1. Any number yet on Rg/Rh for the range B:178-243, C-alpha, Kirkwood?
2. Of C:Val134, C:Val219, C:Val92, which has the largest mean-square fluctuation in a 10 Å C-alpha GNM of chain C?
3. Among B:Cys56, B:Leu206, A:Ala7, pick out the residue whose Cα is farthest towards the positive end of the charge dipole of the protein assembly as shown, where Lys and Arg carry +1 and Asp and Glu carry -1 on C-beta, about the Cα centre.
4. Which value, in nm² and rounded to one decimal, describes the direction-averaged projected area of the C-alpha convex hull of the range C:18-67?
5. Take chain C, connect every pair of alpha-carbon atoms lying under 10 Å apart with a spring to form a Gaussian network, then pick out the residue of C:Ile288, C:Ile232, C:Ile141 with the largest mean-square fluctuation.
6. Based only on other Cβ atoms within 10 Å, what is the fewest-to-most ordering of B:Asp37, C:Asp85?
7. Springs between alpha-carbon atoms under 10 Å, Gaussian network over chain A: tell me which of A:Ala14, A:Ala87, A:Ala274 tops the mean-square fluctuations.
8. Shielding of A:91-100 by partners, i.e. mean partner chain Cβ atoms within 10 Å per residue?
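Quick note: the coordinates plus some simple rules give every number you see, no bench work behind them. Please read these numbers as outputs of a predicted model, since none were measured by experiment. Neighbour counts run over all protein chains shown; Cβ positions are idealised from the backbone, glycine included.
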Amino acid sequence: MAVQTPAATRARIARRKRWDVVFAVIGVVCLMIGVLTIAALLADMAVKGAPRLSYEFFTSFPSRHAERAGILSAWVGSALVMVVTAAAAVPVGVAAGVYLEEYAPRNWMTTVIEVNITNLAGVPSIVYGLLALGVFVYQFGLGQSILSAGLTLALLILPVVIVATREAIRAIPAAIREGSYALGATRWQTVRHHVVPYATPGILTGVIIGMARAIGETAPVITIGALTFIAFLPVREEAPLASLLSLEWLMAPFTVMPIQIFNWTSRPEAAFQANAAAAGFVLVLMTLAMNGIALWLRYRMRRAIKW
Amino acid sequence: MAREADRERAVEQGAEPRKAEIRGLNFYYGEVRALKDLNMVVHDKHVTALIGPSGCGKTTFLRCFNRMHDLYPGNRYQGEIRLYPDDVNLLGQEVDPIEVRMRIGMVFQKPNPFPKSLYENVAYGLRVRGERSRHAIDDKVEQALREAALWDEVKDRLAEPAFNLSGGQQQRLCIARALATDPEMLLFDEPTSALDPIATASIEELMRELKHKVTIVIVTHNMQQAARVSDYTAYMYLGEIIEFGLTDDVFFRPKHARTEDYITGRVS
Amino acid sequence: MTVVTSADNVAMTRVLPAGDRLARRRARLWRERAIEFVLFLAASVSVLTTAAIVFILAKESVVFFRQVPLADFLLDTQWTPLFDDAHFGIVVLLSGTVVSSAVALLVAVPVGTTIAIYLSEFASARVREVAKPVLELLGGIPTIVYGYFALLFVTPLLQKMIPQLPGFNLLAAGIVMGIMIVPYVASISEDAMRAVPMGLREGSYALGATRFETAVKVVAPAATSGIAAAYILGVSRAVGETMILAIAAGMQPNLTWNPLEPAATVTSYIVQVALGDLPHGSVGYQTIFAAGLMLLLLTLSFNVVGHWMRQRFREAY
């Protein structure tokens, strides 16, 4: 290699270092693509939908007349479906996570279970819809109901809950468990009185993230056959508490927020698109709020518990 | 023979040409002062060893020479390391660390070959310098591998991944990689602590030959190694240089009690 | 009966007769076992789910393939299942899936990899703290909203640049899908790069390399299988995506390789059929299960390969 003058070397180094700057700029630009997308999305929906956001919007049923249409049946349906989802996913998911972390021996059966959980996390949501259609709706005869939808979404977010539970449990130091056993507690007592309570914040974070995902899922619910024009509530208006408690709403036909948005987006009239924008805005805010709460919980947890 | 005697006398009189001079070096990790007012001379084309108990700052000191501390936030240098013959302060704000690292190479404690072929590992330093001529790179790679006493073992498998080599071979590869760019100084950070005795011996032999070409500064926690390999030794303790001089003097005629304690094993 | 007393302590009169103690112990063991079994059942729900998915898809597909030969399914170039002269060429739907996924990858791979390299090798801790939640948010937006965005924002925007672009097209859907996948690709790639040991980086810097050279010539190559895994898992996401395509690409089956056209994908076809009336047991009903089976096989293969690569990468470091 020819010997270079110091000036030439320095010039070459400067040229090479310029790439550092160029790449950093490109990196920030790429990040901005994401930021701008979120911003454009929110702005577009806010601008188009804001005129429609009113008390009436939240308390009216959908209608052929765009100005009178509202999301009452949609958000009530979403709320009820979420109740079923949580009621199914949380116990099963936490129990499964506890089993895998505290009880499961290292054998082939455990490996099969773990592989299944990883695989299910990657199955497209519409396949869950097909599962629900074939099994819940027809085989079990649950029909096109809130119960079917809730169970399907519960299966969908089950891997999320299980993984969150396992990670939360893993964070608990062995010393705590050993302290409990040393006092003569059984495994279940240790789990019930120590492991699960200490893991609860982490589990909660995972559950919230799972629910945020479930509330926005459209494909599986469409496949089950949630109808897109529902002008009644699954709960009787004259006696809301009674009909809630009687659980008759579980088998009622219903709609959810994403489907209402889908229905309105598919209509060419600009007025309906404004409705879609408004409903979409509400949905995104709900999702962002739930994710935000989960993030905040995680942040608080990292600072609070110092084992 | 006569020239050997001349050289020895010159060394004793301290008239050996200097490669680097450390003046008032302090180093801070954040608020913690890890190096305290170091003053030392590194003699050209000789091996200087830094020894001392763990935590004494010898690795911290070594990494000042090639500005490795610049890679991590919160570090601060104070004082000077002047490199000769052009008398530039390596630690100066206006001096580019990349330029420093092009003149001073480093071999690490754990061999760190890149996940590339043997050839590409040695060629890496040349490529980042802009060398494009395949012919020139071939020559340099062969020369560097010969100087690292690795050529005969690997000349037929230069395209193989570097991970296939044994630990000792990997370390010699890293030495070849550092040599390929004709550095003026080579820094060795405990180069044999992860190697078996045979590999260690071959690396030490290598150092004895390389010093005729490059100035070497080596950090080692193995006193015997320092005694075997180095011409000059600095004993460090808690961030200070307690004693510096000819290796023989430091080991057999130490001037300070602390040095003697370490040498004789009273302090680990 | 054994009662243990000691001179100094109060007599431990609560020690039970041996027979009683044994009974209690047995009861406790039974209780523990029962609880463990219940928990085991909860964990096996995942296995049951997989079994149920395979069962239902296979069951309906078997009926389907008794009526439609497999060769026709794979080779026919028309997809008209509800006509009298019905054709069942899945290639038609696959073309939509392939084109939209290709567009999505063209967006997600460069952007996601760049973000990953930037966050892993260049960005300060503060930038990373802000960027990570932003990326999580990007990945958390419901796909129906992305569909809305693709149809009513991106398509009009593209139409300004490409006037002949139809209202439904694969391009807008693909682009938005790509943006949706970016966080996924970026986070897996970044994890892979952060796992590369610091020693490798220091070796590169010690030879006088710049940050860019180290990132691109040493760190990224060292993380190759992890990054490849990210791409493969990203493909799987794209293939399985439904709503963005259902809304923005139209649901008309169309054998095309041109992203400027509308087309149905395997996933949006299922939605289209589900929106109509589905007489249980009809051929229409069964086509969606055959399509679902194809979808599952595709995504499963991608996922298996992707996870295997990730596992191998983790073991290497």
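1. 0.97
2. Taking springs between Cα atoms under 10 Å, the residue moving most is C:Val134.
3. Farthest towards the positive pole: B:Cys56.
4. Projected area, direction-averaged: 4.3 nm².
5. C:Ile141
6. So the ranking, lowest neighbour count to highest, is C:Asp85, B:Asp37.
7. Maximum fluctuation in the GNM of chain A, among the listed residues, is at A:Ala14.
8. The per-residue average across the peptide is 5.
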